[in-house]
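Q: Shown below is the structure under consideration.
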Amino acid sequence: MNDDRDHHPLHTPVIDWFDDNARDLPWRRPEAGAWGVMVSEFMLQQTPVSRVLPVYGQWLERWPTPGALAADPSGEAVRAWGRLGYPRRALRLHAAATAIAQLHNGEVPTDHAELLALPGVGEYTAAAVASFAYGQRHAVLDTNVRRVFARAVTGVEYPPNATTAAERRVAHRMLPADEATAARWAAATMELGALICTARGPECVRCPIAGQCAWRLAGSPEHDGPPRRGQTYAGTDRQVRGRLLAVLREATEPVPQAALDAVWHEPVQRARALDGLVADGLVEPLQDGMYRLPG
DNA sequence: TATACGTGGAT
DNA sequence: TATCCAAGTAT
């Protein structure tokens, strides 16, 4: 049909580069299976590989199947999540495991729509699991791939803050027609963004497509659009939540209110943060002002 | 569409 | 020290 799609000039150099430079990550090994891929994708949301590695290994050892995780209390998932950040991901992974055990016979679904219906699985993760675990043909648009396309195809330094329809069109247009090649392309473009085409200080001298990169050919113009919003953290509810949850993660027994009060001086914000954790299902209030991770 | 949601390493 | 940034999702 469209010869461009089968033989786009970027495909071969990027995939050849990946053949030689792909990191040996545990979730890329065949023995990881679809569950291993799914666990890694949850952990890697907004979190660097180096911090995921140790937790991933412990997690898969303790819960080698969705059914194993579903059989334990959600609070144990929150505890094992440790300091990875965004602990609601642990809760959602536990909920996804429960759904898989109950609705999918304990097997991670192969169908994209069924993946998308799982808690904590959004546009990116559904495509990633379908592509990496099952070799399917999907546009896998994470922050790395978006940056690679922004530069190599669109010719700008950074992608927009939120994924746009235009980016999805580019990703689909660039997707190799062959299923296995498309899956390889997805992993290769992501790795290129992670290792070479980084947000700051891209190593264009080592880039396999530097000679074809629209951004470089335009003279590497600096980002001009709206500032890319940075998240403040100090003094926010998120920081307070983090401190409260850290206390509960370390405790093996229910914790009294006083122990939680000690982590933050301002009572209104402290109470709001604790209420939020309870509302999110990350903390379980007991009788007499005691708290613990959900049982 | 904008905002909330953790944590820690790099610059 | 202050920002930036990291394989996003839910609302």
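Q: Using 7 Å Cα-to-Cβ label points, what is the A:E123/A:A271 separation (nm, one decimal)?
A: The two pseudo-label positions are separated by 4.0 nm.
Q: Just flag the trypsin sites (Lys or Arg not before Pro) in the range A:34-91 sitting in loop per DSSP whose Cβ has no more than 12 other Cβ atoms within 10 Å.
A: Those that pass, being in a loop and sparsely packed, are A:R83.
Q: In chain A, carbon and sulfur make up what percent of the accessible area (probe 1.4 Å)?
A: Within chain A, the accessible surface is 51 percent carbon and sulfur.
Q: Need the full-extension length gain, A:A180 to A:A162, defined as separation in residues times 0.36 nm minus the C-alpha distance. One decimal, nm.
A: Length difference between fully extended and current span is 3.6 nm.
Q: If you don't mind, there's one more thing I want to ask. Under a 5 Å amide H to amide H cut-off, with H placed in plane at 1.01 Å, what residues pair with A:R292 once short-range neighbours are removed?
A: HN-HN under 5 Å from A:R292: A:V255, A:E284, A:L286.
Q: Looking at chain A, identify the longest residue range that excludes and avoids all GluC sites (Glu not before Pro) in DSSP loops having at most 14 other Cβ atoms within 10 Å.
A: In chain A, the maximal stretch lacking such sites is A:1-106.
Q: Right, something else. Determine ³J(HN,Hα), in whole Hz, for all residues of the range A:153-169 in sequence, where each value follows from phi through the Karplus function 6.51 cos²θ - 1.76 cosθ + 1.60 and θ = phi - 60°; x replaces Gly and Pro.
A: With coefficients 6.51, -1.76 and 1.60, one gets 9, 7, x, 10, 5, 10, x, x, 4, 10, 4, 10, 4, 5, 5, 5, 5 Hz.
Q: Report, in debye and to the nearest 20, how large the dipole of the range A:77-201 comes out about its Cα centre when Lys and Arg carry +1 and Asp and Glu carry -1 on their Cβ.
A: So the dipole magnitude of the range A:77-201 works out to roughly 520 debye.
Q: Among the trypsin sites (Lys or Arg not before Pro) in the range A:158-246, which ones are in a DSSP loop with at most 12 other Cβ atoms within 10 Å of the Cβ? Mind listing them?
A: Details: sites: A:R168, A:R169, A:R173, A:R184, A:R200, A:R206, A:R216, A:R228, A:R229, A:R238, A:R241, A:R243; in loops: A:R200, A:R228, A:R229.
Answer in residue order: A:R200, A:R228, A:R229.
Q: Could you give me the ³J(HN,Hα) list for the range A:92-100, computed from phi with Karplus coefficients 6.51, -1.76, 1.60 and θ = phi - 60°, whole Hz, x at Gly and Pro?
A: Couplings: 5, 5, 5, 5, 5, 4, 5, 5, 5 Hz.
Q: Give me the number: length gained by fully extending A:A22 to A:T154, i.e. 0.36 nm times residue separation minus the C-alpha to C-alpha distance, one decimal in nm. Write out the running numbers ahead of the final one.
A: Details: separation 132, 0.36 × 132 = 47.52 nm, distance 2.48 nm.
My answer for the length gained is 45.0 nm.
Q: Can you find, among A:P119, A:P87, A:P109, the residue farthest towards the positive end of the dipole of the range A:3-133? Put +1 on the C-beta of Lys and Arg, -1 on that of Asp and Glu.
A: A:P87
Q: Which whole-number value in Å² is the accessible area per residue of the range A:3-133, probe 1.4 Å? Walk me through the intermediate numbers first.
A: Values: 6160 Å² over 131 residues.
Ligands and nucleic acids excluded, the figure is 47 Å² per residue.
Q: Separation of the range A:235-256 and the range A:34-76 by C-alpha centroid, Å?
A: 21
Q: While we're here: How much accessible area per residue does the range A:237-292 have, in Å², with a 1.4 Å probe?
A: For the range A:237-292, the per-residue accessible area is 55 Å².
Q: Taking the Cβ-Cβ separation of A:Y233 and A:V278 as r and a Förster radius of 22 Å, what is the calculated FRET efficiency to the nearest 0.05?
A: Result of the calculation: an efficiency of 0.50.
Q: Give, rounded to the nearest 20 debye, the magnitude of the charge dipole that the range A:3-133 has about its Cα centre when Lys and Arg contribute +1 at Cβ and Asp and Glu contribute -1 at Cβ.
A: Details: 11 positive and 16 negative charges, 178 e Å.
In debye, rounded to 20, the range A:3-133 gives about 860.
The values are calculated or read from the model by the stated rules, or taken from the named source; none is laboratory data. Because the structure is predicted, anything quoted here is derived from the model rather than measured. We place every Cβ from the backbone using ideal geometry, glycine too, and count neighbours over all the protein chains shown. Quick note on the areas: whole protein, heavy atoms, side chains included, nothing else; ligands and nucleic acids left out. Shrake-Rupley method; radii C 1.70, N 1.55, O 1.52, S 1.80 Å.
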